[in-house]
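Reviewing the structure listed below.
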Amino acid sequence: MDCLSLENEARCRQKLAQTQGTNRGRWAAILVSLCSVEGEPAFLFTLRSSTLRGKHKGDVSFAGGKGDPSDRDVVATALREAQEELGINVLAERVWGVMKPLRDKSGMMIVPVLANLGPFEELAFKPNPEEVDEIFTLSLSHLCNPQNRGYTNFRTGEKYGYTLPVFCNGKYRVWGLTAVALDQSLKLVVPPFSFPSVRLPESFCHFDLFFVS
């Protein structure tokens, strides 16, 4: 299936039109960016600057950030953040829609905004070095391969908490809320799409991370 075809775009837009909006409390938006690399569908990621404050410095992420009072909605937030971090102006018509919001540990709502940026080769990036160390892509064929997917098990205290997907076997691993947003996007963009319920071998691609609530 051509994931970037007009037919698939129309199908995705129709499904995303059913997504309920988020309130304008504590919220942020990320731009989940589709593109094509030499004609092959891919997602575009950033590697957060290692000089940033906080525990997520150096992590793989989508461009995004907290809503600004001047932003009219979460789409405007995602597009503004893409311009500030990547140095590119993404037109509103490139946006396919807004996906189901995610909540982080602090209680903030993170709203994934799905867009197709077009051919990667035609994008003139000017990344902000204070926020972005690197821009890279992963093809859908790589992300859809079960051998490149694992799981992160979280515990709260001494008890099992929950499991999140992790995508690996690339230069960097994609985990946390970025992986959840990516997983949500793949299930929308590449239908019908499901990963095997069988967990991958420990030695292959499996990360156990624990935190205390």
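Read-outs: derived from the displayed coordinates by stated rules, not from any lab. Predicted, not measured: the structure shown is a model, and the values here were computed from it. Methodologically, a virtual Cβ is constructed for each residue, glycine included, from the backbone with ideal geometry; neighbour enumeration extends over all protein chains shown.
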>> Residues of region 109-127 with backbone nitrogen within less than 20 Å of a virtual label 7 Å along the Cα-to-Cβ line of residue 18, please, listed as ranges.
In response: 112-115
>> For region 1-151, what is the number of Lys pairs with C-alpha distance below 23 angstrom, counting only pairs 8 or more positions apart or on separate chains?
In response: 9
